[in-house]
Amino acid sequence: MRRAVCPGSFDPVTNGHLDVIERMSRVFDEVVVAVLINKSKQGLFTTEERIDLLRQSVAEWPNVTVDSFHGLLVDFCKARGIQVIVKGLRAVSDFDYELQMGQMNHSLAQVETLFMPTNPLYSFLSSSLVKEVATYGGDVSRLVPPPVLAALKAKLSG
Ligand code: PNS
């Protein structure tokens, strides 16, 4: 069984993430989307909300599950029998840090990292920009899945 993890903050999940997750689900037997629990960094959505939005957004892909983790990603991989970390690369600017993390994760636990080029349609997309645009009333309906759009409206209207 070839298992991959797609780790991230997912605050919130965007169509760019979902494009990578869907393509991964056709390459691997099982894909685990793992939400980082980061107590020192408060986001717009709680970990539970992020997981819930992810679960709604990946529901149509039967081999994709959603979980959360804290501590080292490689420890989560070891505990779950995951051999591969997959990261989406939007642009060369993503590469430096991702390369460093991939090399560190390999040196820590021999877990492999594979990079997937994102769909150019979404190369400008990030969760931070989506939140900023939505905060000031911009239209993000083409950038996030419907459950996230509704959650952003609910969160930012108060
Ligand atoms: O969506 P993000 O915030 O870019 O995701 C970053 C993430 C969660 C993939 C990265 O911060 C991570 O793996 N954190 C877990 C802690 C860890 O393993 N650190 C060592 C990385 S070499």
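Quick notes
- Listed by Cβ neighbour count within 10 Å, with the fewest neighbours leading, Ser68, Ser25 appear as Ser68, Ser25.
- In order along segment 36-51, the Karplus-derived 3J(HN,Hα) couplings, from 6.51 cos²θ - 1.76 cosθ + 1.60 at θ = phi - 60°, round to 5, 8, 10, 5, 7, 10, 7, x, 6, 9, 6, 4, 4, 5, 5, 5 Hz, and Gly and Pro are given as x.
- By the rule of a C-alpha distance below 23 Å, with chain neighbours fewer than 8 residues away ignored, the lysines paired with Lys41 are Lys87, Lys131, Lys153, Lys155.
- Qualifying trypsin sites (Lys or Arg not before Pro) for segment 30-92 [loop in DSSP, other Cβ within 10 Å: at most 13]: Lys39, Lys41
- Cα-based Rg / Dmax (Å) for segment 25-91: 12.8, 35
- Qualifying GluC sites (Glu not before Pro) for segment 7-95 [loop in DSSP, other Cβ within 10 Å: at most 12]: Glu60
- Taking amide H atoms as placed 1.01 Å from N in the peptide plane, the amide H of Val33 lies under 5 Å from those of Cys6, Thr65, Val66, Asp67, each 5 or more residues away in sequence or on another chain.
- Karplus-based coupling profile of segment 137-143, in residue order and whole Hz: x, x, 8, 10, 5, 8, 9, with θ = phi - 60° in 6.51 cos²θ - 1.76 cosθ + 1.60 and x standing for Gly or Pro.
- Evaluated over the Cα positions of the chain, the convex hull gives a direction-averaged projected area, one quarter of its surface, of 9.2 nm².
FYI, it's all coordinate maths here, none of it is from the lab. Since the model is a prediction, treat every value here as computed from it, not as a measurement. With ideal geometry, Cβ positions are generated from the backbone for all residues, glycine too; neighbour counts draw on all protein chains shown.
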